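Before any comments, here is the structure.
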Amino acid sequence: MNVVSAMPAPAADVRLLSGNHACALAATAAGCRFFAGYPITPSSEIAERLSLELPKVDGVFVQMEDEIAAMAAVIGASMGGLKSMTATSGPGFSLKQENLGYAAGAEIPCVIVNVMRGGPSTGMPTRPSQADIMQARWGSHGDYPLIALAPASVREIYDETIRAFDLAELYRTPVVLLYDQVIAQLSETVALGAAHPRGRVERKWASGPAADYKPYAADGDAIPAMPLPGAGYRTHTTGLTHAEDGFPTQNPEAVTRNLSRLFSKLDGRRDAIDSWETIHCEDAEIVIVAIGISARAAMRAIEECRAKGVRAGLFRPVTLWPFPQAALREAAAKAKAVLVPEMNTGQLRLEVERVLAGAPVKGLNLFSGEAIAPAQIAASITALAKEVR
Amino acid sequence: MSIDTAAAFDVTDYLRKQMMPHFLCPGCGHGMALRALLWAIHDLEIDKDALAVVSGIGCAGRLSAYIDANTFHVTHGRPIAYATGLALARPDLHVVVITGDGDCLAIGGNHLIHACRRNLKLTCLMLNNEVYGMTGGQVSPTTSQSRLTTTTPLGNAEPHFDACALATAAGAGFVGREVTRHVPKLKELIKAGLRHEGFAFIEILSDCTEIFGRKNEMGSSPEMMMRQKSELRPSAYRDTVDTPFRANDLPTGILARNDRPEYGAAYRSAAAAARNGAR
């Protein structure tokens, strides 16, 4: 993509922001009033910015003693009624997983930013990767659904951060915002203001008589109304499997019913949750599937290839989990082959292979700590096009 | 101590009757700790709607479900961290943490020391029964040396933590200890903790009779209770200067106090000053 031509016309509210700063500003715009975090490269700018922004709006910033505590405090604040967020990177994301599972199981809205850096373990703190794609979906133990969003530009980080809060609050679920170190620390101009959606979504709070209230009973929409502490409901919240009354149960029917509802809550809303971008897929012989900075490089490669007569297109999941599978099937319906460039050994490719079972899917995998260059993708497209012609 | 209020206090007013009978073993001390907490809540006339109880995992962690309040049963070792978020978000609530010796000192030890240092208003009750009871009786950070547990079949070779000395050293604004044998005294200590404007840490010496007591042939529940203050659980900081383990010298009551500023109020006042244009 030609970034310069995509710039919005200068206006009073245009700012030069890094991805992490855009995330922080979007959080307060979305109504976030609590952030707990722990310093970790390359996500620390989000915490730093929010330590300045939150006091301005009567919010609370706290730096906790570790990553686990930060996730726990975010859930605690959300249970208290505030829109809440934490931000971290690989090692910290690993540490947060147990409590992330608690948020999923107890249905506590929260937003978790994971800026992807090279791994495994301490890995490459200042270098990009996209190797937490599968961890974002499956990182905590047990079966649970969640939403993960994968923005590809600073402007999109701003928009998707706001959407992350809206989805978390609407559906009472943790939402992971997953982006790589490149766009986290890349500075681009972003037009803030009326053109962008503002978080106005409010959680469904319990109302009505306390005597009849069951905290995990949901009417047709599968989303239980949440009790606000102090409002007279005096309920119990637990990470144990629980019945509609919120108290622990191991009754097989109650357990099955509750977990089924948890999944149906998101499964039944794919039209609202799925989001993606397609570029030139209509006539593409090669469809590229990519996220984050790899998708940006792919946009440039596609232009170069098209100029040379190779018809390539891009399918870019913005909602990464649940994966927008119906949209990918449609976008790749006429393609002869699919290319998945990603900064890992082939995680997104696994999902693409599952969705397009039987179709020829190739990977372009770079896990050296470098971003994939447009020329590398263009070369892969050209080679793949020769193979399938 | 006012025995008079005992007449007015009916513990069932504060319990979730649908959760009875409770699941604690016969002879377990945790019920007395729970009674003392609810009695303290009653004496201080804390509105149940304004009471939030956050508990971790283990026998102590299960107590929150019995309390007719806003209750949160969270992950192992993390109740102080969850409560930190809740209390910062909702300074209008009385936030009480119920935790056990393993929950608080082993897996959750980091949260304890930083909560002591940070001094956010929370009342933390650590029920110390010297053992991981719910998982079947494994050694904990407070198990006395030489004790038998399912993971120290040869006798515990590790020294135990003195949780109150730890909390004091970490800067807790209020540190106290009491035994479940003295419920009215324990109630008064909890009341003092609840009134403290800052982080209050209270260690409650409880007994695991069914698992720990039986394994170590410590006798009946009353016999175990009578030894709660004895040499069985010496004070770590005394045994560094004294010949260890004099009988009946375990200090109880309020052990440490300071008047460091409460974190939540300090944060909010700095934020308000910044909003008003001050630095």
Q.
Using the Kirkwood radius over C-alpha pairs as Rh, can you work out the diffusion coefficient of the stretch A:114-179 via Stokes-Einstein at 4 °C, viscosity 1.567 mPa s, in µm² per second?
A. 101
Q: Per residue of A:50-62, count partner chain C-beta atoms within 10 Å of its C-beta, then hand back the mean as an integer.
A: 3
(Q) Need the full-extension length gain, residue A:138 to residue A:275, defined as separation in residues times 0.36 nm minus the C-alpha distance. One decimal, nm. (A) 47.3 nm
Q: Note the angle between two axes, namely the Cα long axis of helix B:109-118 and the longest principal axis of the Cα atoms of chain B, as a number of degrees from 0 to 90, rounded to the nearest 10.
A: 40
Q. Residue A:386 versus residue B:11, label points 7 Å from Cα toward the beta carbon: distance in nm?
A. 8.3
Q. Relative contact order (percent) for chain B, with alpha-carbon contacts under 8 angstrom and 6 or more residues of separation?
A. 18
Q | DSSP-defined beta bridges in the stretch A:278-388 - what % are antiparallel, rounded to 5 | A | 15
Q | Sum of -39500 (n - 2.57) over DSSP H runs of 4+, divided by residues of the protein assembly as shown (222 nm, nearest 500) | A | -10500 deg cm²/dmol
Q. So, in nm, how far is label residue B:274 from label residue B:45 when the simple model puts each one 7 Å beyond its Cα toward the Cβ?
A. 3.8
**Q.** Amide H contacts of residue A:173 (H built 1.01 Å from N, under 5 Å, at least 5 apart or other chain)
**A.** A:110
Q) Could you work out Rg/(2.2 N^0.38 Å) for the protein assembly as shown, with Rg from alpha carbons only? A) 1.06
Q: Using only Cα atoms, find the angle between the long axis of helix A:67-79 and the longest principal axis of chain A, and express it within 0 to 90 degrees, rounded to the nearest 10.
A: 60
Q. Can you pull the semi-axes for chain B, root of five times each eigenvalue of the Cα gyration tensor, sorted largest first, whole Å?
A. 30, 22, 18
Q) For chain A, what Kirkwood radius comes out of the mean inverse Cα-Cα distance, in Å? A) 21.5
Q | Bridge type composition, the protein assembly as shown - antiparallel percent by DSSP, nearest 5 | A | 25
**Q.** C-alpha long axis of helix B:30-43 to longest principal axis of chain B, angle in °
**A.** 30
Q. According to a simple spin-label model (label point 7 Å from Cα along Cα-to-Cβ), what is the distance in nm between residue B:259 and residue A:368?
A. 6.5
(Q) Can you tell me the length gained on complete extension of the stretch residue A:306 to residue A:16, counting 0.36 nm per residue apart and subtracting the Cα distance? (A) 101.3 nm
(Q) Ignoring GluC sites (Glu not before Pro) that are buried or in helix or strand per DSSP, and keeping those with at most 12 other beta carbon atoms within 10 Å, what is the longest stretch of chain B between them? (A) B:46-216
(Q) Can you tell me which of A:113, A:338, A:361 moves the most in a GNM of chain A? Springs connect C-alpha atoms under 10 Å apart. (A) A:361
Q) Stretch residue A:211-residue A:329 to full length: gain in nm at 0.36 nm per residue minus the Cα-Cα span? A) 37.6 nm
**Q.** Sorted largest first, extent of the stretch A:278-388 alpha carbons per principal axis (Å)
**A.** 34, 33, 22
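Quick note: the coordinates plus some simple rules give every number you see, no bench work behind them. As the structure is a computational prediction, the values presented were derived from the model and not from experiment. As a convention, Cβ positions derive from the backbone with ideal geometry for all residues, glycine included, and neighbour counts pool all protein chains shown.
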